[in-house]
Amino acid sequence: LKESTVDVIVPFSPAHTPKKYLNRALNTIEEQTITTNAIIVTDDEQHGPSWARNTGMDRASERFVAFCDADDYWKPSKIEQQVEGLLETDASLSITQTRKKESGEKNVSPCDTTSEFVNDVMLRRSYSFTSSMLIDRKKVQPEFNGKLTHREDHLFALQAASKGVCFVPEPLTIIQKHSEGLSQREGDPEKRLSDAEVFLQHAIEAFPHIKEYQSEYWHRIYYTCGRSHYSQGNYCRAIELLKKSLTNRFNYEKSRWF
């Protein structure tokens, strides 16, 4: 185990992340208790995080590949615990618990099975975990969907989980939110809707059982996009989507009781 080397892909956009955060991330990657090789992909042209992460995977040569966004950072034993877990369980994806630096909030719902993880990702009970992911490329070769601007990391995780998930309950990944970060930008709610449709189609292809959660899924999506339209002053569209949200909520609550 100690002789393993893990490639770590670090997407970095100077337009969105201060250099001080990148330096902190690189320090914690270097301080891991097993050998790591940081692959920094600088996105000066702002192609997006999917392009940067896929470019990093093209450059990677090791069996195990991890991801660390430039504004996040790790505890020293993160990678060693994950590699050990993957070797013991024969899973293809390892996820650690994550914690927000500002609030201490944990972001990943504990899971014992792949189905639990898939359900939690689909319904967004687990989120902000990209910097916690480590994959075994002997088992899976997923890619980030560059056409998506929302949930491309969640779709990647579902594809990576196809051979099993190993969950580390300790918060070994620290998430840093700051005002310049991409995740802090609300964006176009209509693009979020179209991305949600693409995400769902691919998710069902990978895990057909999640069809039963579609009503709850769309309840959450319509609600989020309706709120976004409302905050942007698009009140008619907001009301339309919030009505759809209520309809889907009724459908999934009814299905739970009958």
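The values are calculated or read from the model by the stated rules, or taken from the named source; none is laboratory data. Just so it is clear, the structure is predicted and the values come from calculations on it, not from any experiment. All Cβ positions, even for glycine, are placed from backbone atoms using ideal geometry, and neighbour counts span all protein chains on display. For the accessible areas, the whole protein counts, side chains as well, though only heavy atoms, and no ligand, DNA or RNA atoms are used. Shrake-Rupley method; radii C 1.70, N 1.55, O 1.52, S 1.80 Å.
Residue pairs whose Cβ atoms lie under 9 Å apart, sitting 6 or more positions apart in sequence or on different chains, and linking a residue in region 189-213 that is closer than 25 Å to G233 by Cβ and in a helix (DSSP H, G or I) to a partner that is open to solvent by 70 Å² or more (accessible area, probe 1.4 Å) and polar (S, T, N, Q), are P189/Q232; K191/T149; R192/T149; D195/T149. Any residue that is at pLDDT 95 or above, outside any strand (DSSP E or B) and more than 18 Å from the chain's Cα centre (by Cα) - is there at least one of those in region 3-12? No, because not a single residue in region 3-12 is at pLDDT 95 or above, outside any strand (DSSP E or B) and more than 18 Å from the chain's Cα centre (by Cα).
Before we move on, is D69 part of a loop (DSSP other than H, G, I, E, B), among the charged types (D, E, K, R) and crowded, with 21+ Cβ neighbours inside 10 Å? Spell out how you get there, then give the answer.
Working: part of a loop (DSSP other than H, G, I, E, B): yes; among the charged types (D, E, K, R): yes; crowded, with 21+ Cβ neighbours inside 10 Å: yes.
Answer is yes for this residue.
The single condition from (1) under 20 Å from M122 (Cβ atoms); (2) open to solvent by 50 Å² or more (accessible area, probe 1.4 Å); (3) assigned to a helix (DSSP H, G or I); (4) acidic (D, E) that E240 fails is (1). Checked against (1) modelled with pLDDT under 95; (2) within 23 Å of T114 (Cα to Cα), S162 passes all but condition (1).
Could you please find all residues in region 223-237 being of a type outside the set (V, I, T), under 23 Å from L200 (Cβ atoms) and open to solvent by 40 Å² or more (accessible area, probe 1.4 Å)?
So in region 223-237, the residues of a type outside the set (V, I, T) come out as 223, 225-237.
Now restrict to residues that are under 23 Å from L200 (Cβ atoms): 223, 225-229, 237.
Scanning region 223-237 gives Y223, R227, R237.
Please go through region 51-65 and pick out each residue that is in a helix (DSSP H, G or I) and either open to solvent by 10 Å² or more (accessible area, probe 1.4 Å) or free of Cβ contacts under 8 Å to residues at least 40 places away in the same chain (or both). Within region 51-65, W51, R53, N54, T55, M57, D58, R59 meet the criteria.
Working only within region 40-50, note down all residues that are out of contact with any strand residue (DSSP E or B) (no Cβ under 7 Å at 6 or more places or on another chain) and part of a loop (DSSP other than H, G, I, E, B).
Within region 40-50, the first condition is being out of contact with any strand residue (DSSP E or B) (no Cβ under 7 Å at 6 or more places or on another chain), and the residues that meet it are 44-48, 50.
Of everything in region 40-50, those that are out of contact with any strand residue (DSSP E or B) (no Cβ under 7 Å at 6 or more places or on another chain) and part of a loop (DSSP other than H, G, I, E, B) turn out to be D44, E45, Q46, H47, G48.
Out of N27, N37, N23, one residue alone is assigned to a strand (DSSP E or B), more than 17 Å from Q81 (Cβ to Cβ) and open to solvent by 60 Å² or more (accessible area, probe 1.4 Å). It is N37.
Where in region 90-186 are there strands (runs of 3 or more DSSP E), lying fully within it, with 3 or more residues that are hydroxyl-bearing (S, T, Y), at negative phi and surrounded by 17 or more Cβ atoms within 10 Å (Cβ to Cβ)? Outline the logic, then answer.
Working: elements: 93-100, 134-136, 165-175.
Passing ranges, in order: 93-100.
Which residues, taken from region 13-35, are under 15 Å from D69 (Cα atoms) and among the polar types (S, T, N, Q)? Across region 13-35, the qualifying residues are S13, T17, N23, N27, T28.
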